[in-house]
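Let me begin by presenting the structure, written as structure tokens, before commenting on it.
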Amino acid sequence: MSDLDNLSVAEIQQMLKKQQGRVQQLQKKRAKLAEDITNIDAEIAELTGQGTGVRFKNKYSNEDAICNVLSKYKKGLPLAELADAVLKSGHQTTSNNFKNIVYQCIHKSPRVTRDVKTKRYQLQK
């Protein structure tokens, strides 16, 4: 027999409520610490003039963001305009050369092709 067999339903519910309260306390503490770390990272970046390796959490991957933009341009876009359009769509990056990131992504992607004549990138048909 376990210890739970000797407890009433009310006592088990009370134990569960206590555990849930502790989880909430820990989640609040965790959120506060995460905010502190973000603030410290920002201060370090300001003082040193460099980033601290913080990554943005975008809604879409680079490839998905590129494909979303290209879906609006049936004739496609040249590389520089594509990179600008992706950033204007709200996609965030810390890259100093996002155009290079876009090129690497579209080069690997089976969903994107390059029209040799127009030198524009477009979605695979």
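The values are calculated or read from the model by the stated rules, or taken from the named source; none is laboratory data. Since this is a predicted model, take the numbers as computed values, not measurements. Cβ atoms come from the backbone with ideal geometry, glycine included; neighbour counts cover every protein chain shown.
Scan Ser109, Ser61, Ser89, Ser71 and give me the residue that is touching an Asp or Glu at 6+ places or on another chain (Cβ under 9 Å) and of a type in the set (S, T, N, Q). Even if it seems obvious, please write down each step before you answer.
Working: Ser61 fails: touching an Asp or Glu at 6+ places or on another chain (Cβ under 9 Å); Ser89 fails: touching an Asp or Glu at 6+ places or on another chain (Cβ under 9 Å); Ser71 fails: touching an Asp or Glu at 6+ places or on another chain (Cβ under 9 Å).
Ser109 is the lone residue from the list that is touching an Asp or Glu at 6+ places or on another chain (Cβ under 9 Å) and of a type in the set (S, T, N, Q).
Among the listed residues Asn58, Asn96, Asn62, which satisfies the condition of being touching a Cys at 6+ places or on another chain (Cβ under 8 Å) and either in the same structural domain as Ile44 (by TED's automatic domain parsing) or under 30 Å from Asp36 (Cβ atoms) (or both)?
Working: Asn58 fails: touching a Cys at 6+ places or on another chain (Cβ under 8 Å); Asn96 fails: touching a Cys at 6+ places or on another chain (Cβ under 8 Å).
It is Asn62.
Could you tell me which of the residues Leu33, Leu26 is on the phi < 0 side of the Ramachandran plot and either within 21 Å of the chain's Cα centre (by Cα) or assigned by TED's automatic domain parsing to the domain that holds Lys119 (or both)?
Values: Leu26 fails: either within 21 Å of the chain's Cα centre (by Cα) or assigned by TED's automatic domain parsing to the domain that holds Lys119 (or both).
The conditions single out Leu33.
Taking Asp41 as the residue in question, decide whether it is over 24 Å from the mean Cα position of the chain (by Cα) and at pLDDT below 85. Outline the logic, then answer.
Values: over 24 Å from the mean Cα position of the chain (by Cα): no; at pLDDT below 85: yes.
Criteria not met by Asp41.
Restricting to the stretch 40-53, give me the number of residues that are of a type in the set (S, T, N, Q) and exposed (fewer than 10 other Cβ atoms within 10 Å of the Cβ).
Residues of the stretch 40-53 that are of a type in the set (S, T, N, Q), as a first pass: 48, 50, 52.
Subset that is exposed (fewer than 10 other Cβ atoms within 10 Å of the Cβ): 48, 50.
Residues flagged as of a type in the set (S, T, N, Q) and exposed (fewer than 10 other Cβ atoms within 10 Å of the Cβ) within the stretch 40-53 amount to 2.
Restricting to the stretch 78-125, give me the number of residues that are more than 11 Å from Asn62 (Cα to Cα), among the aromatic types (Phe, Trp, Tyr) and surrounded by fewer than 17 Cβ atoms within 10 Å (Cβ to Cβ). Quick ask: steps written out before the conclusion?
At the first step, the residues of the stretch 78-125 found to be more than 11 Å from Asn62 (Cα to Cα) are 78-82, 84-85, 88-90, 94-97, 99-100, 107-108, 110-125.
Still in the running and among the aromatic types (Phe, Trp, Tyr): 121.
Those still in the list that are surrounded by fewer than 17 Cβ atoms within 10 Å (Cβ to Cβ) too: none.
Residues flagged as more than 11 Å from Asn62 (Cα to Cα), among the aromatic types (Phe, Trp, Tyr) and surrounded by fewer than 17 Cβ atoms within 10 Å (Cβ to Cβ) within the stretch 78-125 amount to 0.
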> What's the number of the condition Glu11 fails, among (1) within 20 Å of Cys105 (Cβ to Cβ); (2) surrounded by 10 or more Cβ atoms within 10 Å (Cβ to Cβ); (3) of a type outside the set (Ser, Thr, Tyr); (4) free of Cβ contacts under 8 Å to residues at least 40 places away in the same chain?
Replying inline: (1)
>> Looking at the stretch 47-56, can you tell me whether even one residue there is closer than 30 Å to Gln124 by Cα, in a loop (DSSP other than H, G, I, E, B) and either β-branched (Val, Ile, Thr) or within 20 Å of the chain's Cα centre (by Cα) (or both)?
In response: yes
